[in-house]
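Every number in this text was worked out from the coordinates using simple rules, so none of it is lab data. A quick note: this is a predicted structure, and the numbers were derived from the prediction, not measured. With ideal geometry, Cβ positions are generated from the backbone for all residues, glycine too; neighbour counts draw on all protein chains shown.
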Amino acid sequence: MSGSLEGAVVTGAGRGLGRLIAALLAERGHRVLVTDIDAAAARATAEELGPDVLWAALDVRDEEAVAAVRDRAVAETGGLGVWVNNAGVLLTGPAWDQSPAARRLMLEVNTLGTINGTVAAIEAMRGTGGHIVNIVSLAGLTAVPGEAVYAASKHAAIGFSVSTLADLRLAGTKDIDISCVCPDGIWTPMLHDKLEDPASALSFSGRLLRPADVVAAVRKVLDRPRPVTAVPGRRGLQARLAGALPALGLRALPLMVAKGRRVQRRMLAEARRDG
Ligand SMILES: NC(=O)c1ccc[n+]([C@@H]2O[C@H](COP(=O)([O-])OP(=O)(O)OC[C@H]3O[C@@H](n4cnc5c(N)ncnc54)[C@H](O)[C@@H]3O)[C@@H](O)[C@H]2O)c1
């Protein structure tokens, strides 16, 4: 494990996966600083996790605010060991149907937010070491119809993360790691309102992950940093193959979209039946 077991910052930790990652880090003995654009949600997560857990409102698009949270984490935890860039937004539909604001939002939160957090964390980890974990997506490895701009934002996040890891190694920095975790669709609030949304069908085309499955993957990379981890590994292989052979991947996509639609309809029927 790299870094100290001191401070840990998680972005977008007011709900969903980020909340559970913050809990994991607290359980592992870190002094956690929970952040989210939604101040009330960040505060609620911190209160739920215990009296030692800190919280701050943070919009990851704001580079200066990210640096200020980083400075606070260093000052109040005695050193930053882990920074998790988890905040993300998904707005579905073909790019041409989306507003410029929607397209910009995804790129700014998912890509620029990851860049802001990574750069801020590297500055704090120089000399002491540490681990930056970027929650990306299988959408960063392959084509995702209905989620094109989201996929672009996640491809960029992976490209940035692995390139920056290479820059660190070329600069002789061996004690700062960057790990990307790329999950398939997860049953979190991000997907809760998408059962009737055909554009998000591909997110439902595999075995929908439980947030705990992804937390287990994060636990593994915390123990053993890895540049890119797909969850589950089999879907990661499929995604990489489709990414490497796009003509083949494009032929398979209609079948996968149809499968995702069937899963959405089944889950919607179950939700209606269960009231
Ligand atoms: N749910 C999925 O199917 C899925 C699949 C693969 C990857 N992911 C990724 O996992 C991460 C967590 O997603 P989730 O499923 O828990 O989603 P979620 O929508 O439940 O939670 C996202 C959190 O990010 C926060 N947030 C949004 N904009 C922000 C901003 N500008 N600054 C700071 N915080 C902001 C939200 O307030 C929210 O608390 C995201 O990066 C997402 O892209 C999700």
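For every residue, the table says whether it meets (1) assigned to a loop (DSSP other than H, G, I, E, B); (2) within 13 Å of the ligand (Cβ to nearest atom); (3) β-branched (Val, Ile, Thr).
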{"residue": "Thr35", "(1), (2), (3)": "no, yes, yes"}
{"residue": "Ala56", "(1), (2), (3)": "no, yes, no"}
{"residue": "Glu64", "(1), (2), (3)": "no, no, no"}
{"residue": "Val82", "(1), (2), (3)": "no, no, yes"}
{"residue": "Leu105", "(1), (2), (3)": "no, yes, no"}
{"residue": "Thr114", "(1), (2), (3)": "no, yes, yes"}
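Yes/no per residue for (1) under 30 Å from Met267 (Cβ atoms); (2) of a type in the set (S, T, N, Q):
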residue	(1), (2)
Met125	no, no
Thr128	no, yes
Glu147	yes, no
Tyr150	yes, no
Ala166	no, no
Val215	yes, no
Val218	yes, no
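Working only within region 216-239, note down all residues that are surrounded by 15 or more Cβ atoms within 10 Å (Cβ to Cβ) and either of a type in the set (A, V, I, L, M, F, W, C) or within 23 Å of Arg262 (Cα to Cα) (or both).
Ala217, Val218, Val221, Leu222, Val228, Ala230, Val231, Pro232, Arg235, Gly236, Gln238, Ala239
Pick out, from region 166-275, the helices (runs of 4 or more DSSP H) lying fully within it that include 1 or more residues that are under 23 Å from Asn86 (Cβ atoms) and without any contact (Cβ under 8 Å) to a residue 40 or more places away in the chain. Break it down stepwise before answering.
Values: elements: 189-192, 211-223, 233-244, 246-273.
In region 166-275, the matching helices (runs of 4 or more DSSP H) lie at 189-192, 211-223, 233-244.
How many residues, within region 189-247, are closer than 22 Å to Gly14 by Cβ and away from the ligand (no atom under 12 Å from the Cβ)?
4
Kindly indicate whether Val162 is more than 12 Å from the ligand (Cβ to nearest atom) and among the β-branched types (Val, Ile, Thr). Before you say what the answer is, go through the steps one by one.
On the way: more than 12 Å from the ligand (Cβ to nearest atom): yes; among the β-branched types (Val, Ile, Thr): yes.
Answer is yes for this residue.
Taking Asp62, is it over 26 Å from Ala244 (Cβ atoms) and free of Cβ contacts under 8 Å to residues at least 24 places away in the same chain? Give the steps one after another, and end with the answer.
On the way: over 26 Å from Ala244 (Cβ atoms): yes; free of Cβ contacts under 8 Å to residues at least 24 places away in the same chain: no.
Answer is no for this residue.
Restricting attention to region 15-33, and to residues there that are free of Cβ contacts under 8 Å to residues at least 60 places away in the same chain and among the basic types (Lys, Arg), which single residue is nearest to the ligand (Cβ to nearest atom)?
Ranking the candidates gives Arg19 first.
What number of residues within region 1-50 are more than 16 Å from Ser179 (Cα to Cα), crowded, with 24+ Cβ neighbours inside 10 Å and of a type in the set (S, T, N, Q)?
Residues that pass the stated criteria total 2.
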